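Data block below; observations after.
Please treat every number below as a calculation from the coordinates, not as lab data. Everything quoted here is computed from the prediction, not taken from an experiment. Backbone-built Cβ (ideal geometry, glycine too); neighbour counts: all protein chains shown.
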Amino acid sequence: MDALKSIALLDSGVGGLTVVKEIFKQLPNERIVYFGDTARMPYGPRPHHEVRKFALQIMEFLQTQDIKILIVACNSASAAGLSFTRESSALPVIGVIEPGVRAALAHTRNKRVGVIGTSGTINSRAYDKVIKKLDPEVKVFSQPCPLFVLIVENNLVNTPEAFKVAEEYLRPLKEAGVDALIMGCTHYPLMEEVIQEVMGPQVRLISSAEETAREAKEILRKKKLLNPEENNSSHHRFFVSASPSTFVEIGEKLINHKVNAYQVVLPDIT
């Protein structure tokens, strides 16, 4: 029965677990198969053609795991060419960019929207293009925040240094007067408290993780693929390409759930 198959997610590291956390909230019956490419993270500084190759390689692995939908839970991979990924899969494939944009447009009142992400995501202008397509009147203010991923992956979120880095990165967006800020990297919700404190309560933070889980739920509902059975946590599977112990340490804190991470050595395709 296809409805009993798993939801697959891929990311460069632990960031995609923010989407997993939302799936647990919105789709508690579903089974998760997750792949974090911890050996090659961060994806942000890498060229798009390389990120596409990595994503397709991980997709091939995930498609052997009895899955029913694939979530590219990584903004850098989504920006590098989600259409390329969709063409390579017979399954529904969704990214994290369009769901976040739709939420931001629904919440902005002054039509000044900020976007933060990795250098690769920001330089691709992927968010700008989708925002302008859906509402040409919106002004977009983008800011790369490359150190945020390293802060999260090294478990340094609750440090004075993290706050100082956030203040420096976010200053131009505060000065621009944005009233909605898209956290355009699935790692960034892990820094939400810091980002909110810097930006102030008047700015609505948009988590692409929350919106992506909502979109996955809607697709599964339309295709009659929602799992009708109560889930057992032992059904969840987590794979990484390196450092499983670090992934487990951060992951269990993040999703408040037992994580057993298995290392998969991927062939070098760089």
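Among Asp179, Asp135, the ranking by other beta carbons within 10 Å of each residue's beta carbon, starting with the fewest, stands as Asp135, Asp179. Distance from the alpha carbon centroid of segment 194-270 to that of segment 80-159 works out to 17 angstrom. First check a/c for segment 186-270, with a ≥ b ≥ c the square roots of the eigenvalues of its C-alpha gyration tensor; if it is under 1.5, answer rounded, and if not, answer prolate when a/b is larger than b/c or oblate otherwise. In terms of gyration-tensor shape, oblate. The trypsin sites (Lys or Arg not before Pro) of segment 216-249 that DSSP puts in a loop, and whose beta carbon has at most 11 other beta carbons within 10 Å, are Lys224. A run of the chain free of exposed loop cleavage sites, with GluC sites (Glu not before Pro) counted only in DSSP states other than H, G, I, E and B and at most 10 other beta carbons within 10 Å, reaches its longest extent at 1-136.
From largest to smallest, the equivalent ellipsoid semi-axes obtained for segment 113-270 from the alpha-carbon gyration tensor read 29, 22, 16 Å.
Qualifying trypsin sites (Lys or Arg not before Pro) in segment 95-137, where qualification requires a DSSP coil assignment and no more than 10 other C-beta atoms within 10 Å, comprise Arg109. Mean silhouette area of the chain, derived from the convex hull of its C-alpha atoms and averaged over all directions, reads 13.3 nm².
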